[in-house]
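Values in this text are rule-based calculations from the coordinates and carry no lab data. Just so it is clear, the structure is predicted and the values come from calculations on it, not from any experiment.
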Amino acid sequence: MKKSRNCMLFLLVLILVGCKKDLPVNPTSDTIPVDQILANTPIIANTQNAFAFHLVARAYTSSTDYPLSFSSDSLSCAMTITGQTTGNGSLRIIDSNSSTVDGDSTLSNKIVALTQTGKGIPTNITLVFNNYTAS
């Protein structure tokens, strides 16, 4: 009987200790605005012959180099900037000779698409943001 009572007491303590205000494990736009969830957290895909970067920025400052794994000098590049309000940013794609393959600024809302060959095999991309805000 004493063992059963101790077991029940232990379970009750566990239940009471485990009770607290529920916090979202996976926050959604129902609990926290989606722009706050995603803000300043780049989403990056860097694979053979492809690189993708997505960012919702709120006063974001960063300077980062990403190594690229391209096997040819063929490059298709697309950039979409929406909701840009403050700060500045730029991207620069370079080859193994440290020559610029392509580069652009992120100073305005725009859609850019380019395809090129013969400018060197891309080996690195540098993304720089200074107090940058855009959606």
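Tabulated data
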{"read-out": "Additional length obtainable on full extension of the chain from Thr82 to Thr123, 0.36 nm per residue less Cα span", "value": "12.0 nm"}
{"read-out": "Size-normalised alpha-carbon gyration radius of region 44-135, reference 2.2 N^0.38 Å", "value": "1.07"}
